[in-house]
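Here's the structure we're looking at; comments come further down.
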Amino acid sequence: MLQRIILTTALFSAFSMSHAELADLTESELSDVSGEGIALVFENFQMEMKGEVIGGDAGNDFQITGIQDQELIPNAVNVGIAQYYISGTGSNLGSALDGKLVNLGRLNNPITIDLLDGNALSAGTGSWADKSVLAIAMPTHVDLENVDPTLGYNCTDASAIVGSGTCSSRPDDGSFHGERFDIGYRINRIFDNNLSSVKNVNLNFHAVSANMDGSYMRFWGGSADIDADAADKKTIMLEVQMNFYASELIFESCDLDGGNCGEQVGFKDFSMELALGDAKYHQPMTIGVNNGGFLEVRIHELPAPGDTRSGGGSIAANGLKPGSDAATWDWYDDYYKNGRKTNISISDLTIGGTGPLSAGPKESFGSASLKNLQIQYLEVISHDI
């Protein structure tokens, strides 16, 4: 029995032109569809938006307006998207897109939109107990316990071979379009005042051979204090797993025409597994607006000892299990051992040079990593500047 409707699309867009095609399902295929979810696969995909030239007329770019500088008489600052692209690998930082197509998802591991049972996600416990959960998920990692581990690929190696890692997205090997993509943007920051033209700059970001395997966003309804006024309000709760892997990440700033670029900052073999919210332990992520009209993003604090959600008992002053309520102590112990954690690593940080990291000499600063970070409370509030 099929559990999802599979939508296969072929999409190519350049500038403002695009087309999409949906594959037909036969009557026998439709009769087997249970309607439990939707799966998406984008085949032969490429997208690009850009102006005529990098430093061209800002009025022709997609713009973000309403920003001002900090001068005594403020100047308007126009931010225009000079180029945005997503394509197959080998695009040379977005400058060679012809024929560079990519598949996003595979028929046996697609992008999915599902309605899940919250009780099945964490054995009937946590913020989503007795709730329906809307889940949007990228292709998954290879399940090493239940699937042949030789089916996975190294997540950051642009030429990874099968059996080298846990990611399901494949590099392009020349005989098929893989699921790894190049993505980037070039932003023009232009001051609406000729006296400030020396501040005009082109900011660039590029990711080479990237994928987002294992990423998901889960949404459900609940009640929480979303703006620190000690009153619970009905709100949408989230748990987010934001994974991003890339063979190379590159940041640089240039003159408005794209030339005379400064020192390039590069990250080789970039891996980010960012865990936001932990519904099993009553730590949802919420997004709200406070009384001042400012945006507030929160990952809610871990329930304190004495709270029925954490077992209802107390913890001894020395933190040890003897003298503590056993069920409550076990609950916290399980959180610290098994709660969701964030990991970020790079194999090499480089400074200098131009073009892809493999194109020329760079100054190397070595590897860096952040492992097993747990967010026990987070509050982010926007402000006027």
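The values are calculated or read from the model by the stated rules, or taken from the named source; none is laboratory data. A quick note: this is a predicted structure, and the numbers were derived from the prediction, not measured. Methodologically, a virtual Cβ is constructed for each residue, glycine included, from the backbone with ideal geometry; neighbour enumeration extends over all protein chains shown.
General observations
- Consider the stretch 193-208 and keep the residues that are of a type in the set (Val, Ile, Thr) and part of a strand (DSSP E or B). The one that is modelled with the highest pLDDT is VAL208.
- The C-beta contact set for the stretch 174-192 (first residue part of a strand (DSSP E or B), second residue charged (D, E, K, R), distance under 6 angstrom, 6+ apart or interchain) comprises PHE191/LYS199.
- Single residue of the stretch 127-145 satisfying the filter (among the polar types (S, T, N, Q) and within 18 Å of TRP220 (Cα to Cα)) that is surrounded by the most Cβ atoms within 10 Å (Cβ to Cβ): SER127
- Scanning the stretch 355-374 for residues that are modelled with pLDDT of 90 or more and part of a loop (DSSP other than H, G, I, E, B) gives PHE365, GLY366, SER367, GLN374.
- Selection from the stretch 161-176 of residues that are farther than 21 Å from GLU43 by Cβ and in contact with a Cys (Cβ under 8 Å, 6 or more places away or on another chain): GLY165, THR166
- The stretch 242-286, residues that are under 17 Å from ALA207 (Cα atoms), of a type in the set (Phe, Trp, Tyr) and touching a helix residue (DSSP H, G or I) at 6+ places or on another chain (Cβ under 7 Å): none
- Qualifying residue in the stretch 96-109 (condition: part of a strand (DSSP E or B), farther than 23 Å from PHE205 by Cα and modelled with pLDDT under 70): no
- Of the listed requirements (1) in contact with a Phe, Trp or Tyr (Cβ under 6 Å, 6 or more places away or on another chain); (2) closer than 24 Å to ASN92 by Cα, TYR335 misses just one: (2).
Yes/no matrix, rows are residues, columns are (1) among the basic types (Lys, Arg); (2) assigned to a loop (DSSP other than H, G, I, E, B); (3) surrounded by fewer than 14 Cβ atoms within 10 Å (Cβ to Cβ); (4) within 30 Å of the chain's Cα centre (by Cα):
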{"site": "ALA316", "(1), (2), (3), (4)": "no, yes, yes, no"}
{"site": "LEU320", "(1), (2), (3), (4)": "no, yes, yes, no"}
{"site": "ARG340", "(1), (2), (3), (4)": "yes, yes, no, yes"}
{"site": "GLY353", "(1), (2), (3), (4)": "no, yes, no, yes"}
{"site": "GLN376", "(1), (2), (3), (4)": "no, yes, no, yes"}
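- Set ALA275, ALA228, ALA246, ALA224: member being of a type in the set (Gly, Ala, Ser), more than 23 Å from the chain's Cα centre (by Cα) and buried (at least 17 other Cβ atoms within 10 Å of the Cβ): ALA224
- Residues within the stretch 330-348 that are in contact with a Lys or Arg (Cβ under 8 Å, 6 or more places away or on another chain) and of a type in the set (A, V, I, L, M), tallied: 1
- Listed by first and then second residue, the pairs linking a residue in the stretch 293-310 that is over 30 Å from ASP325 (Cβ atoms) and in contact (Cβ under 8 Å) with a residue 24 or more places away in the chain to a residue that is acidic (Asp, Glu) and buried (at least 19 other Cβ atoms within 10 Å of the Cβ), with Cβ atoms under 6 Å apart and 6 or more places separating them unless they lie on different chains, are GLU296/ASP227.
- Apart from one condition, GLU179 fits all of (1) more than 30 Å from THR235 (Cβ to Cβ); (2) at pLDDT below 95; (3) surrounded by 21 or more Cβ atoms within 10 Å (Cβ to Cβ); the exception is (2).
Here is a yes/no grid of residues against (1) more than 23 Å from the chain's Cα centre (by Cα); (2) more than 15 Å from VAL208 (Cβ to Cβ):
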position	(1), (2)
TYR153	no, yes
THR156	no, no
ALA160	no, no
GLY163	yes, yes
THR166	no, yes
ARG170	no, yes
SER175	yes, yes
ILE183	no, no
ARG189	yes, yes
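- Filter result (farther than 17 Å from LEU378 by Cβ and hydrophobic (A, V, I, L, M, F, W, C)) within the stretch 335-351: ILE346, LEU349, ILE351
- A single entry from ARG309, ARG298 fulfils the requirement of being among the basic types (Lys, Arg), modelled with pLDDT under 95, closer than 24 Å to SER122 by Cα and surrounded by fewer than 18 Cβ atoms within 10 Å (Cβ to Cβ): ARG309.
- Filter result (modelled with pLDDT of 75 or more and either among the polar types (S, T, N, Q) or not in a strand (DSSP E or B) (or both)) within the stretch 48-88: ASN78, GLN83, SER87
- Number of the exception - SER345 against (1) in a loop (DSSP other than H, G, I, E, B); (2) surrounded by 13 or more Cβ atoms within 10 Å (Cβ to Cβ); (3) at pLDDT 90 or above; (4) of a type in the set (Gly, Ala, Ser): (1)
- Residue among GLY99, GLY152, GLY124 that alone is crowded, with 21+ Cβ neighbours inside 10 Å and either out of contact with any helix residue (DSSP H, G or I) (no Cβ under 7 Å at 6 or more places or on another chain) or β-branched (Val, Ile, Thr) (or both): GLY152
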